[in-house]
């Protein structure tokens, strides 16, 4: 039996990681097999993305979106699809909706939609909505600095 794919989406500082972890704990308590994951991943491509988000190196927004897409394809192939095929519930802290939303700050929506159209659709998407001011305060309280897309006008 195929598992279920659940995704949490929202702006940075919205509490996605917290909610994903709470759902994982709840489902494990109900004896479900669960895989908790996130995007960008911790693999090689995800590391490049995280470094770009921390402004350790720079590239065009288009190239960054292509990296997100490559990271996602690898993530699906190596982690998400095998877990789903094994009957597990997969919970992801972000997926392609985030990259489309942040990418639309500078890129064409149709190009972003086409780039991400090949990816598996989640069974459930939870969108966590918080005011930008709350997001900014949470980011300030939890980190040393802001990442690439963490400006009020981009959130």
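Read-outs throughout are calculated quantities, based only on the coordinates presented, and are distinct from any laboratory measurement. Since the structure is predicted, the reported quantities are computational estimates derived from the model, not experimental observations. All Cβ positions, glycine included, derive from the backbone under ideal geometry; neighbour counts span all protein chains shown.
So here's what we get for this one:
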| read-out | value |
| --- | --- |
| Order of 81, 22 - criterion: other Cβ atoms within 10 Å of each residue's Cβ, fewest first | 22, 81 |
| Angle between the chain longest axis and helix 132-142 axis [Cα atoms, degrees, rounded to 10] | 80 degrees |
| Cα coordinate range in the chain, projected on the principal axes (Å, largest first) | 42, 33, 27 |
| Helix 16-29 vs. the chain, principal-axis angle (Cα, 0 to 90°, nearest 10) | 10 degrees |
| For 35, 17, order by how many other beta-carbon atoms lie within 10 Å, fewest first | 17, 35 |
| Highest-fluctuation residue, 96, 119, 68 considered, GNM on the chain with Cα pairs under 10 Å | 119 |
| Listed residues 21, 39, 106, most fluctuating in the chain (Gaussian network, C-alpha, under 10 Å) | 106 |
| Spatial separation of Cα centroids for segment 27-61 and segment 114-128, in angstrom | 16 Å |
| Stretch gain in nm, segment residue 28-residue 2, where the contour uses 0.36 nm per residue and the Cα spacing is subtracted | 7.6 nm |
| Computed [θ] at 222 nm, deg cm²/dmol, the chain (DSSP H ≥ 4; -39,500 (n - 2.57); rounded to nearest 500) | -13500 deg cm²/dmol |
| Relative contact order for segment 5-142, counting Cα pairs under 8 Å that sit 6 or more residues apart, in percent | 46 percent |
